[in-house]
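Q: Please read through the structure below; I'll follow up with questions.
The values are calculated or read from the model by the stated rules, or taken from the named source; none is laboratory data. Source: prediction; values computed, not measured. Note: ideal-geometry Cβ built from the backbone for every residue, glycine included; neighbour counts use all protein chains shown.
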Amino acid sequence: MSKHSTPKDRAAKLRDEINYHNYRYYVLDDPEIPDAEYDRLMRELQEIEQAHSELITPDSPTQRVGGAPLEEFAKVRHRVPMLSLNNAFSDEEVDDFVRRIQERMNSEECEFTAEPKMDGLAISLVYEKGLLVQGSTRGDGTTGEDVTQNVRTIPSIALRLIDQDYPPRLEVRGEVYMTRAAFAALNRRQAENDEKLFANPRNAAAGALRQLDPRITAQRNLEFVSYGIGHVEGWDLPATQSATLEQLKKWGVRISSELEVVRGEKGCLDYYARMQARRDGLPFEIDGVVYKLNALEQQQAMGFVAKAPRWALAHKFPAQEESTRLLGIDVQVGRTGAITPVARLEPVFVGGVTVTNATLHNQDEIDRKDVRVGDTVIVRRAGDVIPEVAGVVLSRRPQGAKKFHMPTHCPVCGSNIVREEGEAIAYCTGGLVCAAQRKGAIAHFASRRAMDIEGLGHKLIDQLVDTELVHNVSDIYALTMKQLADLERMGEKSAQNLVDGIEASKATTLPRFLYALGIRNVGEATALGLAQHFGDLKPLIHADAEALQQVPDIGPVVAQSIASFFSEAHNRKVIEKLVSAGIHWPEVERPAESAIAGKTFVITGTLDAMSRDEAKVKLQQRGAKVSGSVSKKTDYVIVGADPGSKADKARELGVEILDEAALLKLLA
Ligand code: IVH
């Protein structure tokens, strides 16, 4: 309990706060605080009420399911209330749950279904005589909103059940959600149109489902997966939850492809661990897994407490969003001069690590999210992605919170900062005068996928640039043992290792070398294309923009970046020095020898052995083209796990489909 007050006062305060956040979440579709924080408020209130039952009020948020429905949609009364789930945050809580059930059932090991807890929103779908007649949101659990027109736009929702023996009236329940890909695409479009950004896929899905105009919903690419039945007439439910879901599937209702039947606590925890390991690789967000006692008879025996079944449990993953205070905003200068505003945060534990900095991307994003210094902000760290500020808790904005303005001069070199008309990113104009850009360029040059100079990390690069031993990348190859050994915190041995690392890096490949140069808009794939097209460095250096555009996948913008890079005398000079220092590469392999040269591939879904990007580079190295969309010109579509609509498109167009095993064979 907090230091503030008596339990009574604290409970009243918590109720107000939770009610406010319920309203934001359920009514406005615009939550202000991360779920993890909401859960904590709710837990604190539940604990107080448990300890002092006389404090429970009939209107306490613990006594009902959600918020009141919006006015605009017609109201729908659920025949069977839409309940929620109890949460577990630790193995011990799962142990309690399983043990209580097994004791009550007098069983050593009960069966449970296990499936992902989809991070979307609950939906009820009514089918009459096999036809979808109504879709409604959960609302406050008793009364929701009629969003039939909207759910009808969701491709994964069946408009008509298949098979014949379905019941005359069937209410299916499940989750509407947005994939990560659809979410990213939506936010890209929002940004292009200068519109508000969504903090996460769930908010975006909620916003899409609550559109009064179904045409907008249709454009948002929502998906649906069912996790059960609400109400049914004229049909006897099967004996188990898993059989019920299998039957739904037969009728054409989408259920989770991850559904499993597990046994006892061990089975549950094992499923949890496996899903957690795969969490970041899934095409959609999940915030935990859900266990349900499989036998219907046993479910009925366990019954319900207040708003949740005793026979089901949501086992949550550690939160990927937390709130903290924004202490200040600095700007960072990248190797191309790109200026990135970075949030300095009060340290917060999120996504498994303590985060003190998070990216704010650019000025437009800051404006669109209305982020101000002093605000309480939502920090998001999902998977390996750099932590970002996803939004602001406006109700906690202190007086005098300050807006951010991009500095007019580079904090490192003092040169002007400019932002071109129509560009989101501001750049330092200092070029090689700017130490930050030089350091960034050197770090990129030395990085693993470029020249791969072992032992040359960020700290050392700072030292080398600050002591003026290295001005540009060619100076690396002039460094002597003595110069290195004299550096602070540098021993004889590490100096020797670095000298060896530098020496070893001289034997490279042309694509790596081109990538290492850090030409704007030239990533690994483009570097490879250039090397294969021109065969050697000389013809490339002398190519004009027109000649450069003959290279597959190089358009006018990229061609111009490359041509301007090589037209700068100081860049050519650095290249000359690098080559005379002994950097060399074998003759570029001609791609035409491979069987897949010239063929066009599209990759969809998650691959096991490598990322899609790695697969792309490998295919390109063999002379194949890799495109982002399927058309009649596509030769092969590689389909990994959980493929997107591209696989369907391929089938439609009769394009040959290969699985990962076939891809590996082609690459071998
Ligand atoms: S079962 C009475 N299964 O989580 C049980 N819910 O906190 C009703 N959810 O409102 C829900 N994935 O929107 C169930 N596999 C799953 C789920 C799931 C996500 C959501 C659902 C529900 C909330 C409960």
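Q: Being more than 30 Å from the chain's Cα centre (by Cα), within 11 Å of the ligand (Cβ to nearest atom) and of a type in the set (S, T, N, Q), is that true of even one residue in region 283-305? Before the answer, list the steps.
A: Looking only at region 283-305, we keep the residues that are more than 30 Å from the chain's Cα centre (by Cα), and these are 293-305.
Filter again for within 11 Å of the ligand (Cβ to nearest atom), leaving 299, 304.
With the extra rule that they be of a type in the set (S, T, N, Q), the set shrinks to 299.
Yes, region 283-305 has at least one match.
Q: A further question follows. Quick test of your reading of the structure: K250 fulfils all but one of (1) within 16 Å of the ligand (Cβ to nearest atom); (2) among the basic types (K, R); (3) over 13 Å from E111 (Cβ atoms). Name the failing condition by number.
A: Unmet condition: (1).
Q: Of the residues that make up region 646-667, is at least one free of Cβ contacts under 8 Å to residues at least 12 places away in the same chain and within 30 Å of V433 (Cβ to Cβ)?
A: No.
Q: Identify all residues within region 173-206 that are within 16 Å of the ligand (Cβ to nearest atom) and not hydrophobic (A, V, I, L, M, F, W, C); write none if there are none. Steps first, please.
A: Looking only at region 173-206, we keep the residues that are within 16 Å of the ligand (Cβ to nearest atom), and these are 173-179, 200-206.
R173, G174, E175, Y177, T179, N200, P201, R202, N203, listed by residue number.
Q: Any residue at all in region 101-110 that's within 14 Å of the ligand (Cβ to nearest atom) and either in contact with a strand residue (DSSP E or B) (Cβ under 8 Å, 6 or more places away or on another chain) or in a helix (DSSP H, G or I) (or both)? Reasoning before the result, please.
A: Our first condition is that a residue be within 14 Å of the ligand (Cβ to nearest atom); within region 101-110, this holds for none.
No.
Q: I would also like to ask the following. Restricting region 55-77 to residues that are among the basic types (K, R) and in contact with an Asp or Glu (Cβ under 8 Å, 6 or more places away or on another chain), which is modelled with the lowest pLDDT?
A: First pass over region 55-77, keeping only residues among the basic types (K, R): 64, 75, 77.
Keeping just the survivors that are in contact with an Asp or Glu (Cβ under 8 Å, 6 or more places away or on another chain) gives 64, 75.
Values: R64: 48, K75: 93.
If we take residues in region 55-77 being among the basic types (K, R) and in contact with an Asp or Glu (Cβ under 8 Å, 6 or more places away or on another chain), then R64 is modelled with the lowest pLDDT.
Q: Name the residue that is surrounded by the most Cβ atoms within 10 Å (Cβ to Cβ), counting only residues in region 512-564 that are under 22 Å from V473 (Cβ atoms) and polar (S, T, N, Q).
A: Here the residue is T526.
Q: Then there is this: Determine whether Q276 is within 16 Å of the ligand (Cβ to nearest atom), farther than 30 Å from K369 by Cβ and part of a helix (DSSP H, G or I). Break it down stepwise before answering.
A: On the way: within 16 Å of the ligand (Cβ to nearest atom): yes; farther than 30 Å from K369 by Cβ: no; part of a helix (DSSP H, G or I): yes.
Considered against the rule, which asks whether it is within 16 Å of the ligand (Cβ to nearest atom), farther than 30 Å from K369 by Cβ and part of a helix (DSSP H, G or I), Q276 comes out as no.
Q: Residue check: is D270 within 29 Å of the chain's Cα centre (by Cα) and away from the ligand (no atom under 16 Å from the Cβ)? Before the answer, list the steps.
A: On the way: within 29 Å of the chain's Cα centre (by Cα): yes; away from the ligand (no atom under 16 Å from the Cβ): yes.
Yes: the conditions hold for D270.
Q: Among the residues of region 257-267, write down those that are of a type in the set (G, A, S), within 14 Å of the ligand (Cβ to nearest atom) and surrounded by 15 or more Cβ atoms within 10 Å (Cβ to Cβ).
A: none
Q: Tell me, which helices (runs of 4 or more DSSP H) lie completely within region 396-497 with 1 or more residues that are surrounded by fewer than 13 Cβ atoms within 10 Å (Cβ to Cβ)? Before you say what the answer is, go through the steps one by one.
A: Details: elements: 435-446, 458-466, 481-485.
Answer list for region 396-497: 458-466, 481-485.
Q: For R189, work out the one condition from (1) free of Cβ contacts under 8 Å to residues at least 40 places away in the same chain; (2) touching a strand residue (DSSP E or B) at 6+ places or on another chain (Cβ under 6 Å) it doesn't fulfil.
A: (2)
Q: Which members of region 150-181 meet the condition of being in contact (Cβ under 8 Å) with a residue 24 or more places away in the chain, more than 29 Å from the chain's Cα centre (by Cα) and not in a strand (DSSP E or B)?
A: Here is the first cut: in region 150-181, the ones in contact (Cβ under 8 Å) with a residue 24 or more places away in the chain are 150-163, 166-181.
Adding the requirement that they be more than 29 Å from the chain's Cα centre (by Cα) leaves 159-163, 166-171.
Residues satisfying the conditions are L159, L161, I162, D163, Y166, P167, P168.
Q: For region 228-254, give me the residue count where each residue is among the charged types (D, E, K, R) and part of a helix (DSSP H, G or I).
A: Filtering region 228-254 for residues among the charged types (D, E, K, R) gives 233, 236, 246, 249-250, 254.
Then drop every residue that is not part of a helix (DSSP H, G or I), which leaves 246, 249-250.
Going through region 228-254 one residue at a time, the tally reaches 3.
Q: Something else about it: Of the conditions (1) within 16 Å of the ligand (Cβ to nearest atom); (2) closer than 25 Å to G644 by Cα; (3) of a type in the set (A, V, I, L, M), L313 fails just one. Which one is it?
A: With respect to (1) within 16 Å of the ligand (Cβ to nearest atom); (2) closer than 25 Å to G644 by Cα; (3) of a type in the set (A, V, I, L, M), L313 is out only on (2).
Q: Out of all the residues in region 309-327, which are in a loop (DSSP other than H, G, I, E, B) and aliphatic (A, V, I, L, M)? Steps first, please.
A: If we filter region 309-327 for residues that are in a loop (DSSP other than H, G, I, E, B), which is where we start, we get 310-311, 317-320.
Across region 309-327, the qualifying residue is only A319.
Q: Then there's this: Looking at (1) under 23 Å from P81 (Cβ atoms); (2) in contact with a His (Cβ under 7 Å, 6 or more places away or on another chain); (3) aliphatic (A, V, I, L, M), which one does L132 not meet, given that it meets all the others?
A: (2)
Q: Can you name every residue in region 357-375 that is touching a Pro at 6+ places or on another chain (Cβ under 8 Å) and within 28 Å of G518 (Cβ to Cβ)?
A: Listed by number, the residues that qualify are N357, A358, T359, L360, H361, N362, Q363, I366.
Yes or no, residue by residue, for (1) modelled with pLDDT of 95 or more; (2) touching a His at 6+ places or on another chain (Cβ under 8 Å); (3) in a loop (DSSP other than H, G, I, E, B):
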| residue | (1), (2), (3) |
| --- | --- |
| V557 | no, no, no |
| S561 | no, no, no |
| L578 | yes, no, no |
| A592 | no, no, no |
| A597 | no, no, yes |
| A615 | no, no, no |
| V626 | no, no, no |
| K632 | no, no, yes |
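Q: May I pose another question? Among (1) buried (at least 16 other Cβ atoms within 10 Å of the Cβ); (2) modelled with pLDDT of 95 or more, where does R254 come up short?
A: Every condition holds for R254 apart from (2).
Q: For the condition more than 16 Å from the ligand (Cβ to nearest atom), touching a Pro at 6+ places or on another chain (Cβ under 9 Å) and more than 19 Å from Q219 (Cα to Cα), what is the one hit in E145, E128? Quick ask: steps written out before the conclusion?
A: Numbers: E145 fails: more than 16 Å from the ligand (Cβ to nearest atom).
Testing whether each residue is more than 16 Å from the ligand (Cβ to nearest atom), touching a Pro at 6+ places or on another chain (Cβ under 9 Å) and more than 19 Å from Q219 (Cα to Cα) leaves just E128.
Q: Looking at (1) modelled with pLDDT under 95; (2) within 16 Å of the ligand (Cβ to nearest atom); (3) not basic (K, R), can you tell me which one Y227 breaks?
A: Just one mismatch for Y227, condition (1).
Q: Within the set of pairs 6 or more residues apart or between chains, which connect a residue that is more than 14 Å from D613 (Cβ to Cβ) inside region 624-639 to a residue that is of a type in the set (K, R) and not in a loop (DSSP other than H, G, I, E, B) with Cβ atoms less than 7 Å apart?
A: What qualifies is V630/K646; V630/K649; V637/K646.
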